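Report on the following structure.
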Amino acid sequence: MSEPKYGPGDRVQILDIGKPGHVRTPTYARHKIGVIERYCGDFENPEDKAYGRWGGAPIALYRVRLMQSDLWPGYTGAPNDVLELEIYDHWLAPAGGEAV
Amino acid sequence: MNTQPPEHDHDHDHDDHRPTREDDDIELTEREATFLALKSLLIEQGVVTADEIRKRMEFNERGSPHQAARMIAKAWLDPDYKVRMIDDTKAAAAELGIETTEAKLVTLENTPERHNIVVCTLCSCYPRSLLGEPPSFYVSKAYRSRAVREPRQVLKEFGVDIPERVDIAVHDSNADLRYVVMPMRPAGTDGMSEAELADLISRDCVVGCALPSEPDNR
């Protein structure tokens, strides 16, 4: 297990890598910018496992926190409502800016 | 609450004993037929026995909301256990003799400032070892699409009104982790035993769609 690339509070962008098939990055979260909530450990890539390709190198999984108001135009809940989801390393890029 | 059954007078007949589910004597789908053919082949060739398959199915379905309720009730009473449960939910389950098959379990603590709710938008990921099979609402497209987009309205429809001053955190269980919500201990429960407290915690509380009953209001 290598050292995780991101730590809690790091700003990241969720990518759209255009990969078809059994991917675990929901469409609604793609292109959005959020912060790392925690590093979850390394897991085998479900995009491979779904097709019987077991035994690949585990990759880092992170929980990313997004503001609901950034996700949904016209979101009517409270301003600090958040959504958290799990994103694999290869679907993330540093977003720049100050860590929060 | 009135716990007496309603008076049973006989202005209805008892002929209406239909099964609670549609009979399943419909034609097999192609997948069901393939499954049955494969299963008989595996048994015939001695790869597995029918009993092993049955045992595995029973094992897969052994979870029940009572497992999670026991853990939460213990956490309410024992602050050290609560810390351990938040730190490592699988290990905390093992302490109570509860076997978990999920790779990683995470406990989300409700606080006066934050209410947590869990959804799997992509399919039906669910902490089955601690809660059993997911309820039908959890796998419905309506819940999966709306819980992320308008959690407050969804919660209102479940009878849970979260005030504006409390933030809502929606957790999309979209990959390898599985989540249990630890609700806040309700008022009026001082002096209650672990078993009594566990009775207040329903399945939906652990998904974040309900709040624990108050003791006189079960």
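Shown for the protein assembly as shown: cysteine residues without a partner Cβ closer than 4.7 Å, namely A:Cys40, B:Cys123, B:Cys205, B:Cys209. Here the protein assembly as shown is treated as a Stokes sphere of Kirkwood radius computed over C-alpha pairs; at 10 °C and 1.306 mPa s its diffusion coefficient rounds to 71 µm²/s.
Could you list, in their original order, any pairs among B:Lys82/B:Lys104; B:Lys39/B:Lys141; A:Lys32/B:Lys90; B:Lys90/B:Lys141 whose Cα atoms are separated by more than 24 Å? Intermediate values should be presented prior to the final figure.
Working: B:Lys82/B:Lys104 17 Å; B:Lys39/B:Lys141 31 Å; A:Lys32/B:Lys90 31 Å; B:Lys90/B:Lys141 29 Å.
B:Lys39/B:Lys141; A:Lys32/B:Lys90; B:Lys90/B:Lys141, as the Cα separations exceed 24 Å there.
When A:Arg24, A:Arg65, B:Arg56 are arranged by Cβ crowding within 10 Å, least crowded first, meaning fewest neighbours, the order is B:Arg56, A:Arg65, A:Arg24.
Report, in debye and to the nearest 20, how large the dipole of the protein assembly as shown comes out about its Cα centre when Lys and Arg carry +1 and Asp and Glu carry -1 on their Cβ. Before the final figure, lay out the partial values.
Working: 38 positive and 56 negative charges, 290 e Å.
My answer is approximately 1400 debye.
Its residue count N sets the reference 2.2 N^0.38 Å, and the alpha-carbon radius of gyration of the range B:65-212 equals 0.99 times that reference. With one equal scatterer per alpha carbon and no solvent term, the Debye-computed log10 I(q)/I(0) for the range A:1-52 at 0.21 1/Å reads -0.98. The fewest-to-most ranking of B:Cys123, B:Cys205, A:Cys40 by surrounding Cβ atoms within 10 Å reads B:Cys123, A:Cys40, B:Cys205. List the GluC sites (Glu not before Pro) within the range B:43-78 that fall in a DSSP loop (any state other than H, G, I, E or B) and whose Cβ has at most 13 other Cβ atoms within 10 Å. When the GluC sites (Glu not before Pro) of the range B:43-78 are filtered for loop state and at most 13 Cβ neighbours within 10 Å, B:Glu61 remain. Look at the stretch B:162-170: the mean tally of other chain Cβ atoms within 10 Å of its residues' Cβ atoms is 5.
Which is the longest part of chain A that has none of the chymotrypsin sites (Phe, Trp or Tyr not before Pro) sitting in a DSSP loop with at most 11 other Cβ atoms within 10 Å?
Between exposed loop sites, the widest span is A:1-50.
The string of couplings for the range B:40-47 from the Karplus curve (6.51, -1.76, 1.60, θ = phi - 60°) is 5, 4, 4, 6, 4, 7, x, 6 Hz, one whole number per residue in order, with x for Gly and Pro.
Between the DSSP loop rule and a limit of at most 14 other Cβ atoms within 10 Å, which GluC sites (Glu not before Pro) in the range B:97-189 are left?
B:Glu99, B:Glu113, B:Glu164
With neighbour counts taken as other beta-carbon atoms within 10 Å, the residues B:Met182, B:Met57, B:Met71, A:Met67 rank, fewest first, as B:Met57, A:Met67, B:Met182, B:Met71.
Report the percentage of all Cα-Cα pairs in the range A:11-94 whose separation exceeds 17 Å, rounded to a whole percent. Provide the component values of the computation, followed by the final result.
On the way: 1727 of 3486 pairs.
Summing the P(r) of the range A:11-94 above 17 Å gives 50 percent of all pairs.
Summarising the amide proton neighbourhood of B:Ser173: residues at separation of 5 or more, or on other chains, whose placed amide H is nearer than 5 Å comprise B:Val119, B:Cys120, B:Thr121.
Quick one: work out the % antiparallel among DSSP beta bridges in the protein assembly as shown, nearest 5. Write down the numbers at each step before the final one.
Details: 20 of 36 bridges.
The antiparallel fraction comes to roughly 55 percent.
Given the options A:Ile87, A:Ile17, A:Ile59, which has the most mean-square fluctuation in a GNM of chain A, springs set between C-alpha atoms less than 10 angstrom apart? Among A:Ile87, A:Ile17, A:Ile59, the largest mean-square fluctuation in the Gaussian network model of chain A belongs to A:Ile17.
With the cut-off at under 20 Å, measuring from each backbone N in the range B:120-160 to a point 7 Å along the Cα-to-Cβ line of B:Thr20 picks out B:131-140.
Shielding of peptide A:83-90 by partners, expressed as the average count of other chain Cβ atoms within 10 Å per residue Cβ, is 6. Between A:Asn80 and B:Thr29, what is the label-point separation in nm under the 7 Å Cα-to-beta-carbon projection? A separation of 4.5 nm, rounded to one decimal place. Distance from the Cα centroid of the range B:96-146 to that of the range B:159-177 is 11 Å (rounded to whole angstrom).
Along its first, second and third principal axes, ordered by size, the range B:47-139 spans 52, 31, 20 Å in Cα coordinates. Tally Lys/Arg at +1 and Asp/Glu at -1 over every other residue whose Cβ is under 10 Å from the Cβ of B:Thr100; what's the total? Result for the local shell: +2.
Only the Cβ atoms of Lys and Arg (+1) and of Asp and Glu (-1) were treated as charged; on that basis the dipole of the range B:72-117 about its Cα centre amounts to roughly 80 debye. Under a 10 Å cutoff between Cα atoms, tell me which one of B:Gln67, B:Gln153, B:Gln45 has the largest fluctuation in the Gaussian network model of chain B. Among B:Gln67, B:Gln153, B:Gln45, the largest mean-square fluctuation in the Gaussian network model of chain B belongs to B:Gln45.
For the range B:122-200, would you read off the P(r) tail past 16 Å as a percentage of all alpha carbon pairs?
On the way: 1963 of 3081 pairs.
The share of Cα pairs beyond 16 Å in the range B:122-200 comes to 64 percent.
Averaged over B:113-122, how many beta carbons belonging to a partner chain fall within 10 Å of each residue's beta carbon? Provide the component values of the computation, followed by the final result.
Numbers: counts 1, 3, 1, 1, 1, 0, 2, 2, 6, 6.
The shielding value for this peptide is 2.
Read-outs: derived from the displayed coordinates by stated rules, not from any lab. Not measured: the values here are computed from a predicted model. Neighbour counts are summed over all protein chains in view; Cβ atoms, including those assigned to glycine, are modelled from backbone coordinates with ideal geometry.
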